[in-house]
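To start, the structure under review is shown below, and the notes come after it.
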Amino acid sequence: MIYLDLLLGFLKVGCFAFGGAYGAIPLIRDVVLSYGWLSEESLTYLNAANESTPGPIMVNLATFVGSSQAGFLGAAAATAAVVTPSANCLLCVYGNDSGQTHECMNGVY
């Protein structure tokens, strides 16, 4: 059931991580250590290496942890889980046909 554990663990990260990637690192740390996927030391090394690679920190960490625990399918499950909450929020905002929503989003861009 590693796939389900990866999915639920990183879904929790995706749902409750606010404040950007650096704000999410403690939550990712708690999830990874509570499931016993990586040691504290290897998570620290991973975080240091992750900051030197391009891409979002949460996605990179989820992909690496999923890959190290369950291969390609684990990486896909963890990455999908960490991205799904944000994607759903965007779909709800853009899926709304209200003129106010579109004007508000146009103001953001």
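The values are calculated or read from the model by the stated rules, or taken from the named source; none is laboratory data. As the structure is a prediction and not an experimental result, all values here were calculated from the model. Virtual Cβ from ideal backbone geometry, glycine too; neighbours counted across all protein chains shown.
Against the test of being in a helix (DSSP H, G or I), modelled with pLDDT under 80 and either among the charged types (D, E, K, R) or surrounded by 11 or more Cβ atoms within 10 Å (Cβ to Cβ) (or both), the options VAL59, VAL65, VAL83, VAL93 yield a single qualifying residue, VAL93.
Checking each residue in the range 29-56 for being under 26 Å from CYS89 (Cβ atoms), in contact with a helix residue (DSSP H, G or I) (Cβ under 7 Å, 6 or more places away or on another chain) and modelled with pLDDT of 90 or more picks out ARG29, VAL31, VAL32, TYR35. State whether one or more residues within the range 11-19 are at pLDDT below 90, out of contact with any Asp or Glu (no Cβ under 8 Å at 6 or more places or on another chain) and surrounded by fewer than 10 Cβ atoms within 10 Å (Cβ to Cβ). Yes, the conditions are met somewhere in the range 11-19.
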